[in-house]
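Below: one structure, written as structure tokens.
The numbers here are math on the coordinates, done by the rules we state, and not lab data. Note that the structure is predicted; figures quoted are calculated from it, not measured. With ideal geometry, Cβ positions are generated from the backbone for all residues, glycine too; neighbour counts draw on all protein chains shown.
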Amino acid sequence: MSYFASALVALLAAEYLMATGYGYPTAAIAAPETLVVVHVVAIGWLSLLMCGALFQFVPVLIARPLYSNTLPLPALGCLLAGLAALLSGFLQLAGHITIGFGFFPVAAVLLATGFGLAVWNLGRTLWAARPLPLSARFVVVGLLSMIATVALGVVFAIVLGGFSSHSHFLDVTAFGVPIHAVAGLGGWLTFTAIGVSYRLLAMFMLGPELEGRSTRGVLYVGATALATAIVGGVAAICMDGNVAAVLGGAAILGLVALALYARDILYLYRVRKRRTIELNSRMAAVALLNLMAAAVLIVVLLALGRLGRHAGTVVFLVSFGWLSGLALAKLYKIVAFLTWLECYGPVLGKTATPRVQDLVVERRAIKWFILYFVAVWAAAAALFFDGALLFRVSAGLMGLATLGIVIQLVQTRRLADVNPALRLPRGVRRPRLLLTRIQHA
């Protein structure tokens, strides 16, 4: 819960910054102010959320306990401190911080340590469960992409901090930002989310576990696309090759993988046993449609030769329409499920208990999800058509919707919507807001 809470604070902060006109599109896409917003979203919101989710769900994917329950706390501390140092470095570049402290090297050490602890914990957990189920193999590829993302970020940090002038490092810093973005958004965040979504959607909709040729195709073609972009892209930079051609080939493979994924998810929705779909699965479907819309937009812009001009729109739609939309939808269910398991799991069968669905009120929450997605679409359109004022208004509405969803999550943790007669039977205590303690049988 501490990871989720920290991540949601970062999301609200990013939306506030965008609403006030801080960063792109008011500033250039490569400006330090834009980089502040980008990394608040990528590290503070999406990466913290993904780490917290994986600590909870990797054991579910492989039916084994987490290697260490103590490592997540120091990892969180390093990640938050590293993010603060990184943002301070960007503010220093922008002239807002004038002291001569080397923030970038400190950020590189702290972030590498934090992500390293997370990879070690999750990696040891996965290693003990070989051979891995298919959904867990997506997580492995995602973790490898996270390592690549962090490695590239460390190179950027030591160059920007003036601690290295190695020619290859300078070239990677100058031309490697698209590879860094592909590794982070495409590999670490999207590919991991795809793998986890296979299991979560099947679990929450009572659907079959997909492990057929199509799903394996998503894994193998997607992993090949990422390897081509990351390994091939860095090699092309260091060997004076054609980076654009390498990334173009990777993009084609990535689009094939997304097409196969879309086919799988449509099949999963069609054959589900739970006919009435809960709010989290309906909103996840909207997020998946946003991912497909981003893929179509990439194809169209590539055909028109205008992808570079509208790259900000594509990144925004992937970050907020797909990843953030899916994350908020699944958080709505995950928080309720963990709270129910913490409170009522130990007394199940001993006394009357509410259902998981009794902890939430969907008809009240749905308006915030609708507002969020409508605001995201309006903001994406504003970016595409250079409407800076509309973008700021839309970002403000995104923040309002996010705050509404956060309030729903807090009410769930407080058991505010549970029937008073069932809320706190003997043996049940009200859960703490930021810490979940599950008693295992």
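Before moving on, here are some points about what is shown:
- For the chain, a simple Cβ point-charge model (Lys and Arg +1, Asp and Glu -1, everything else neutral) yields a dipole of about 1940 debye relative to the Cα centre.
- Among complete DSSP H helices in the chain, those whose alpha-carbon atoms stretch at least 18 Å along the helix's long axis and whose mean Kyte-Doolittle hydropathy reaches 1.6 are 48-62, 72-93, 134-160, 243-271, 279-304.
- Cα centroids of the range 206-276 and the range 367-441: 30 Å apart.
- Over the chain: helical MRE at 222 nm, DSSP H runs n ≥ 4 each giving -39500 (n - 2.57), nearest 500: -22500 deg cm²/dmol
- The relative contact order of the range 287-377 comes to 32 percent, based on Cα pairs under 8 Å that sit 6 or more residues apart.
- Within-15-Å neighbourhood charge of Leu331 [Cβ basis; K, R +1; D, E -1]: +2
- Set of lysines near Lys350 by C-alpha distance (under 26 Å), chain-local residues within fewer than 8 positions excluded: Lys333
- Positive-pole candidate from Ala7, Val234, Thr276, dipole of the chain, charges at beta carbon: Thr276
- Measuring between their Cα centroids, the range 301-315 and the range 25-65 lie 23 Å from each other.
- For the peptides 254-261, 346-353, 157-164, the ranking by mean Cβ contacts within 10 Å, running from highest to lowest, is 254-261, 157-164, 346-353.
- Taking the chain and dividing mean pair separation by its residue count, relative contact order in percent (alpha carbons under 8 Å, at least six apart): 15 percent
- A simple charge model with +1 on the Cβ of Lys and Arg, -1 on the Cβ of Asp and Glu and nothing else charged puts the dipole of the range 268-354 at about 340 debye relative to its Cα centre.
- Of Ser165, Ser47, the sequence from fewest to most neighbouring Cβ atoms within 10 angstrom is Ser165, Ser47.
- Which of Phe175, Phe57 has the fewest Cβ neighbours within 10 Å, and the rest in rising order: Phe175, Phe57
- Between Asn419, Phe104, Leu307, the Cα set farthest toward the positive side of the dipole of the chain (charges on each charged residue's Cβ, about the Cα centre) is that of Asn419.
- Taken about its Cα centre, the range 236-302 carries a charge dipole of roughly 660 debye when the Cβ of each Lys and Arg holds +1 and the Cβ of each Asp and Glu holds -1.
- Candidate aspartates and glutamates for bridging to Lys330, where Cα separation is under 14 Å - those fewer than 8 sequence places away on the same chain excluded: Glu278, Glu362
- Formal net charge of residues neighbouring Ala416 (Cβ-Cβ distance under 13 Å; K, R +1; D, E -1): +3
- Listing Phe55, Phe391, Phe384 from fewest to most neighbouring C-beta atoms within 10 Å gives Phe384, Phe55, Phe391.
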